[in-house]
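Q: The following block contains the structure, expressed as C-alpha cells.
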Amino acid sequence: MKQRIVLIGPGRLGQAVTALLAEAGHSVRAIIGRDAGRALAAARFVGSRDAATTDLNRAAQGNVVLLAVPDDALAETAAGLRRQGQLAEGAVLIHFSGRHPAAILNQGEGPKVRALSLHPLQTFADTVGGVRNLPGTPFSVEGDEDLVAFGEQLVRDMGGTPFRILADRKPLYHAAACVASNYLVTLAAVAGRILARCGFPEDEAVKLLIPLLHGTVHNLTALDPPRALTGPIARGDIGTVADHLNALEELPDNVRQIYRLLGRETVELAIKKGSLDKERAEALRELLK
C-alpha cells in the first residue's frame with residue numbers, strides 16, 4: 001500500500017529517505033523546512049517541487065510524517081505538532097535518531113500519536129551519497145508494537161535491511177555506531193598526524209592511508225574481526241611494538257595513550273585469533289600499560 005509522505009526537516013538524511021520512498025512509489029505531499037529556499041531545494045531533489053513549504057499545518061496532508069530534525073529538537077517538535085493538531089488522525093510519526101526511542105515523540109502533554117523510530121546504520125556526508133549508500137543498509141526498527149512490521153516494510157521499500165531493537169538498548173546501539181563510524185574518522189586523523197611526522201603534510205598523510213583503510217574494511221566484509229586482524233600484535237612482534245612506542249615519544253601524550261589503549265584491545269583480539277601465545281600476550285600487555 002502506497003503512503004502519503006510528509007517530511008519535516010529537509011536535511012541530508014531526510015532528503016535521502018524521502019527520495020527513496022518516492023522512488024518506491026509513495027506520494028510526497030509536503031516537504032517542510034524553516035527556510036523556504038532549503039525546502040524548495042529538497043523538494044526538487046526528491047522530484048516533488050510543489051511539495052516545498054514552511055507551513056507546519058501541511059503535515060496533516062500525510063499519513064506518514066518523517067521527523068528528520070536534530071535529536072535535541074525531537075521531543076519539542078513532536079509535542080508542538082500534537083498540541084496544535086497538525087497531524088492527521090491515525091498518522092504515523094517517524095524519527096530517525098539512533099539514540100532516542102520512538103516514545104520521545106509522545107513526551108509531554110497533548111494527544112498521543114502512533115510512533116516509530118527507523119535508524120540507518122549509515123553515514124550521510126552528503127545527500128547524493130546518502131541515496132547511493134542507503135540501499136543494502138541495516139536499519140534498526142523500534143516503536144509501537146503494532147507498527148514495527150509497517151516500519152520494516154518502509155525500510156525494505158528504501159532497499160534497506162530491517163532489524164528490531166529494544167528501546168532501552170538504543171544508547172548502547174548508538175554508541176557502537178559512533179565508535180564504528182565517527183571514531184574511525186578520528187582514528188584516521190590521528191594516524192595522519194603520526195605519519196605527518198615523517199615529513200608529509202597532514203592532509204596528504206591521511207590520503208596515503210585511505211587504500212589501507214579500504215583494504216581493512218574489505219577484510220572485515222569477508223572475515224570476522226579476529227581473522228581480519230593483521231599486523232605486529234597479531235604476529236606477537238614485541239620488538240616492533242616497542243619501536244613504535246619509542247617513536248611516539250615525540251608526539252603528544254594523548255596520541256601515545258590512544259596507541260596503548262587500542263594496542264591492549266588488539267592483544268585480546270589476537271588471542272581470539274589464536275596467533276598469540278600466553279607468554280607473548282602477557283609481554284605485550286606489560287609493554288602497553
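No lab work stands behind these numbers, since they all come straight from the coordinates. These numbers were taken from a predicted model, which means no experiment stands behind them. Cβ: placed from backbone, ideal geometry, glycine included. Neighbour counts: every protein chain shown.
Q: Take the alpha-carbon positions of the stretch 76-192, form their convex hull, and give its projected area averaged over all directions (one quarter of the hull surface) in nm².
A: It is 8.6 nm².
Q: Roughly what % antiparallel, to the nearest 5, for the DSSP beta bridges in the chain?
A: In the chain, DSSP labels about 20 percent of beta bridges as antiparallel.
Q: Give me MET158, MET1 ranked fewest to most by other Cβ atoms within 10 Å of their Cβ, as a rough exposure proxy.
A: Ranked by crowding around the Cβ, least crowded first: MET1, MET158.
Q: Relative contact order, percent, of the stretch 173-287 when contacts are C-alpha pairs under 8 Å separated by at least 6 residues? Please list the in-between numbers first.
A: Numbers: 72 pairs, mean separation 27.1, N = 115.
24 percent.
Q: Cα-Cα pairs above 19 Å in the stretch 139-198: how many percent?
A: 52 percent
Q: In degrees, nearest 10, range 0 to 90: what is the angle between the Cα axis of helix 170-196 and the longest Cα principal axis of the chain?
A: That works out to roughly 50 degrees.
Q: If amide hydrogens are placed 1.01 Å from N in the peptide plane, which non-local residues have theirs closer than 5 Å to the one on THR161?
A: GLY136, THR137, PHE139
Q: Could you tally the net charge around ARG169, taking each other residue with its Cβ under 15 Å from the Cβ of ARG169, Lys/Arg +1 and Asp/Glu -1? Write down the numbers at each step before the final one.
A: Numbers: positive: ARG99, ARG164, LYS170; negative: GLU142, ASP168.
The answer is +1.
Q: Fewest first, what order do HIS26, HIS214, HIS174 take by the number of other Cβ atoms within 10 Å?
A: HIS214, HIS174, HIS26
Q: Further question: Using the Karplus curve 6.51 cos²θ - 1.76 cosθ + 1.60 with θ = phi - 60°, what ³J(HN,Hα) values do you get for each residue of the stretch 12-17, in whole Hz, with x for Gly and Pro?
A: With the stated coefficients, the stretch 12-17 comes to 4, 5, x, 5, 5, 5 Hz.
Q: Using alpha carbon coordinates only, what is the Rg to Rh ratio of the chain, with Rh defined as the Kirkwood radius?
A: Reported Rg/Rh, Kirkwood definition of Rh: 1.09.
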